[in-house]
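Reviewing the structure listed below.
The values are calculated or read from the model by the stated rules, or taken from the named source; none is laboratory data. Predicted, not measured: the structure shown is a model, and the values here were computed from it. Backbone-built Cβ (ideal geometry, glycine too); neighbour counts: all protein chains shown. Accessible surface areas use protein heavy atoms only, side chains included; no ligands, DNA or RNA. Shrake-Rupley method; radii C 1.70, N 1.55, O 1.52, S 1.80 Å.
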Amino acid sequence: MSYSISQITTIIKAKPLQVFSDAVIEHLLLDSRRLLFPYDTLFFALAGPRRYGTAFIDELYSKGVRSFVVDENFTALTIAQYPEGNFLQVKNTLAALQLLAAHRRSEFNIPVIGITGSNGKTIVKDWLYQLLQDEYSIIRSPKSYNSQIGVPLSVWPINEQNTLGIFEAGISQPDEMHCLEKIIQPTIGVFTNIGEAHNEGFLNIRQKINEKLKLFVNSGWLIYSADSLDINEAVNTFVNTVKSNNPIQLFSWSKKTTASLHSIEIKKQLSNTVINAVYKDNPVAITISFIDDASIENAITCWCVLLHLGIAHNLIAEKMLRLRPIEMRLELKEGINNCSVINDSYSADINSLAIALDFLQQQKQHPKRTLILSDILQSGKNSAELYAEIASILMQKNINRFIGIGPDIIKQKEAFKNIPETIFFPSTAGFKQQFASLHFYNETILLKGARAFEFEQIGHLLEQKIHQTVLEIDLAAITHNLKQYQEQLNPGVKLMAMVKAFSYGSGSFEIANLLQFHKVDYLAVAYADEGVELRKAGITLPLMVMNAEETTFDVLVQHNLEPELYSFDILNNFRNYLQQLGITNYPVHIKLDTGMHRLGFEPQDIEALCKQLHTSAEFKVQSVFSHLAGSDAAEHDNFTALQAASFLQGSQLLQQALNYPFIRHIANSSAIHRHKQLQLDMVRLGIGLYGVDGNEAMQQKLKNVSTLKTTISQLKKVKAGDSVGYSRKGIATHDSVIATVRIGYADGYPRLLSNGIGKMLVNGSLAPVIGNVCMDMTMLDVTGINVNEGDNVIVFGEALSVSTVAKWAQTIAYEILTGVSQRVNRVYYEE
């Protein structure tokens with residue numbers, strides 16, 4: 001279903017500023033980087049914390065977009081630049097987007113399941129999809145699209161073929177849910193649970209529950225757990241409040257008391273759980289292949305939905321036994337033959353494919369992009385229409401090689417004829433047989449396959465065999481942290497992201513690609529070779545090199561890297577080099593020493609520096625900057641003020657000597673929020689980007705980025721009095737169980753953490769190091785912990801912060817993060 005511009009004008013109650021044509025709209029766009037089909041796309045120019053969407057109209061117009069929704073900040077004078085444009089003006093572009101999605105939803109009279117709660121929303125949604133896909137043609141939220149923006153984008157694709165909708169809704173503050181309710185219009189409500197997430201936005205837990213319940217104000221049924229006293233009381237109060245307008249039927253489940261589904265016994269076994277219950281006075285049972293409490297609760301919630309929908313007991317039991325884990329993340333891994341592999345093979349539908357292709361397009365490290373795609377099952381579209389749309393998307397995303405796997409996609413191979421290289425196989429087995437002849441080399445490969453095609457087999461062939469100790473990097477957390485600091489910035493302030501020291505241990509081009517995608521203004525590295533690697537990986541952002549050396553002048557110029565000049569020696573040597581090549585106006589950055597006493601021109605040097613720069617045609621000063629020594633600590637605030645004064649004085653003298661403006665920057669991560677008056681023209685974001693900030697209030701806003709994980713290679717039973725490890729430093733004080741894990745000081749785990757100082761998380765419990773940390777291994781005392789060989793062990797991460805580990809090691813988080821060895825493989829993922 002599509003809408004004309006005139007229809008949309010009426011639906012969103014817009015004022016038509018200019019209508020060139022009554023274009024037919026199929027697609028909605030909020031992010032200019034995700035454009036696929038320009039001529040039938042409507043762009044909503046949303047107002048962000050730092051940028052207005054109207055700033056991207058010029059770019060989108062040049063790419064063929066002709067239809068725009070703007071707010072009252074957009075002036076009619078601007079329209080003259082876009083003679084063929086359709087411009088609809090509204091008071092609030094987000095409200096208009098939501099109004100359009102709500103109208104779309106209202107045109108379909110199908111059952112819709114609306115899911116909310118603190119945890120488990122996405123799992124329950126995707127499990128319901130697994131369980132009900134044989135009975136229904138389902139439209140569902142892609143990934144975790146549950147926000148004020150994500151929900152309308154999730155609902156918009158609903159079409160005549162869909163017979164069931166499953167959408168999740170998340171909120172972070174009061175008065176948000178009523179907007180989402182109007183869009184989702186659920187007929188069946190599911191309340192998963194209540195927890196600590198987003199507590200800061202609410203007065204108390206009861207207010208948060210009441211706000212979430214607003215999703216169900218017009219629902220016919222509400223499914224929930226009666227085991228939470230807060231939820232149970234709130235639900236009953238809510239139902240009694242709305243019953244005069246809409247009587248809501250309740251379907252409860254409980255492990256403790258009488259309910260619609262009363263779980264009377266939960267039997268956990270080695271690899272599965274049997275759940276016995278009573279439903280309508282009859283015994284019923286299911287078995288699931290999970291033993292953790294969260295999965296058990298999510299499975300019971302899904303069970304309730306199936307019972308409500310009238311699915312037969314024996315069929316429910318079969319379906320529950322087939323439930324599979326939901327891979328919630330897309331992973332980027334190092335592949336064979338200098339390839340990068342993006343593994344997003346847990347599902348294959350057109351919405352998640354578009355998201356994965358956006359991630360593929362961010363990757364600039366290889367000249368070639370390859371997509372391996374299976375048949376897309378149960379899309380609700382006929383095959384010819386589906387694969388023609390996919391082929392069009394692939395052309396927009398500049399896919400160089402397309403490998404299709406499955407009988408259905410082979411029948412539609414003609415649709416992909418315009419892609420430079422195409423290969424088709426009837427099955428995954430057929431692909432594996434021909435794998436050696438496909439010659440994967442120096443390319444980025446995206447795997448996207450339905451579960452039935454078992455693409456994990458392809459992943460094993462393509463991914464480089466790795467050491468079982470890995471550093472997992474959450475790219476979505478980096479994006480979140482970036483936005484947290486951007487929200488602190490004064491209008492117009494630029495941001496330089498520090499990616500030196502392998503991005504604080506997190507990676508090189510992988511992190512830079514992400515930052516470039518999110519349009520930071522500058523990147524900074526420590527040494528020229530780091531900058532060269534980024535340039536070779538396709539990074540085009542301006543790059544400052546903080547420790548330029550004379551031996552690297554040639555590669556600086558060759559790769560357009562901008563050196564920091566911090567002394568007359570380096571300044572004169574670089575000027576002489578540029579003179580020999582006849583280069584003028586080369587971009588450089590001037591470092592002033594205002595009290596750090598590390599690198600930089602000191603106050604007494606400024607007069608001579610001004611004279612040299614004034615007469616140096618070889619240089620174009622891009623920025624003047626300094627480094628604060630103690631911006632994170634209140635006891636150093638007076639010294640910070642002295643540094644700032646020295647810097648402002650020095651930069652003013654330099655500005656007077658030069659006849660053009662330059663960027664001034666002195667604020668690092670801590671100063672961004674502790675000394676906002678020092679943001680000046682640009683700030684430098686370093687360790688905060690990676691989830692560490694010394695300020696407790698700011699730390700609470702950040703997400704953990706890095707998780708260092710290893711595995712248990714062997715378990716041993718040791719008698720009291722026996723020694724463990726080199727030099728017999730570890731002595732068992734009682735009969736103990738000792739786990740040897742695959743990490744040592746060669747991997748970056750400090751020897752200072754030997755002999756009980758350090759601890760690791762084993763199945764949720766802290767296990768102390770016993771004996772000395774070895775080069776490649778460490779021993780843990782896991783006595784009393786339920787553990788098996790091969791189990792994962794968390795060295796640091798969300799539940800055991802890197803800052804805590806750093807304190808144990810008598811150092812700082814910087815050292816722990818940057819000390820993780822390069823032999824530890826990095827796995828990048830995005831939820």
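Which residues, taken from region 511-548, are outside any helix (DSSP H, G or I), open to solvent by 10 Å² or more (accessible area, probe 1.4 Å) and at negative phi?
His518, Asp521, Tyr522, Ala526, Tyr527, Thr540, Leu541, Pro542, Met546, Asn547
Can you pull out the residues in region 670-686 that are open to solvent by 20 Å² or more (accessible area, probe 1.4 Å) and in contact with a helix residue (DSSP H, G or I) (Cβ under 7 Å, 6 or more places away or on another chain)?
His673
Quickly run through region 579-594 and pick out the residues that are farther than 30 Å from Leu642 by Cα and of a type outside the set (A, V, I, L, M, F, W, C).
Passing the criteria: Gln579, Gln580, Gly582, Thr584, Asn585, Tyr586.
Any residue in region 209-227 that's farther than 15 Å from Ile183 by Cα: show its pairings with residues that are buried (at least 24 other Cβ atoms within 10 Å of the Cβ) and among the polar types (S, T, N, Q) at Cβ separation under 7 Å, as long as the two are six or more apart or on different chains.
Pairs found: Ile223/Thr301.
Inside region 218-271, can you point out the residues that are of a type in the set (Phe, Trp, Tyr), within 18 Å of Ile113 (Cα to Cα) and open to solvent by less than 70 Å² (accessible area, probe 1.4 Å)?
Tyr224, Phe251, Trp253
I'd like the full set of residues that are among the hydrophobic types (A, V, I, L, M, F, W, C), farther than 27 Å from Leu523 by Cβ and open to solvent by 20 Å² or more (accessible area, probe 1.4 Å), limited to region 573-609.
Ala608
Which pairs do you get when a residue that is in contact (Cβ under 8 Å) with a residue 24 or more places away in the chain, found in region 63-85, comes within reach of a residue that is exposed (fewer than 12 other Cβ atoms within 10 Å of the Cβ), reach meaning Cβ atoms under 7 angstrom, with the pair 6+ apart or on two chains?
Arg66/Glu84; Asp71/Lys91
Could you list, in sequence order, the residues of region 620-649 that are open to solvent by less than 20 Å² (accessible area, probe 1.4 Å) and modelled with pLDDT of 95 or more?
Val621, Ser623, Val624, Phe625, Ser626, Leu628, Thr640, Gln643, Ala644, Phe647
Give the residue that is least open to solvent (accessible area, probe 1.4 Å), with candidates limited to residues of region 12-59 that are acidic (Asp, Glu) and within 24 Å of Gln363 (Cα to Cα).
Filtering first and then ranking leaves Asp31.
Got a number for residues in region 740-759 being open to solvent by 10 Å² or more (accessible area, probe 1.4 Å), on the phi < 0 side of the Ramachandran plot and either assigned to a strand (DSSP E or B) or without any contact (Cβ under 8 Å) to a residue 40 or more places away in the chain (or both)?
The total comes to 4.
Tell me which residues, restricted to region 201-238, are assigned to a helix (DSSP H, G or I) and closer than 25 Å to Gln700 by Cα.
Across region 201-238, the qualifying residues are Gly201, Ile205, Arg206, Gln207, Lys208, Ile209, Asn210, Glu211, Lys212.
Which ones in region 400-430 are within 25 Å of Pro367 (Cβ to Cβ) and in contact (Cβ under 8 Å) with a residue 40 or more places away in the chain?
Asn400, Arg401, Ile405
Considering region 695-721 alone, what residues qualify as being in contact (Cβ under 8 Å) with a residue 40 or more places away in the chain and open to solvent by 70 Å² or more (accessible area, probe 1.4 Å)?
Gln700, Lys701, Lys703, Gln714
Please pick out the residue among Asp292, Asp349 that is modelled with pLDDT under 95, more than 19 Å from Ile138 (Cβ to Cβ) and of a type in the set (Asp, Glu).
So the residue among Asp292, Asp349 that is modelled with pLDDT under 95, more than 19 Å from Ile138 (Cβ to Cβ) and of a type in the set (Asp, Glu) is Asp292.
Return yes or no: is Ile149 under 21 Å from Asn298 (Cβ atoms), touching a residue at least 12 places away in the same chain (Cβ under 8 Å) and either touching a Leu at 6+ places or on another chain (Cβ under 9 Å) or charged (D, E, K, R) (or both)?
Judged against the criteria, Ile149 is not a match.
From the list Lys13, Lys63, Lys91, exactly one residue is of a type in the set (D, E, K, R) and on the phi > 0 side of the Ramachandran plot. Which is it?
When all the criteria are applied, what remains is Lys13.
Scan Val737, Val762, Val724, Val782 and give me the residue that is open to solvent by less than 60 Å² (accessible area, probe 1.4 Å) and closer than 28 Å to Ile687 by Cα.
Answer to the selection: Val762.
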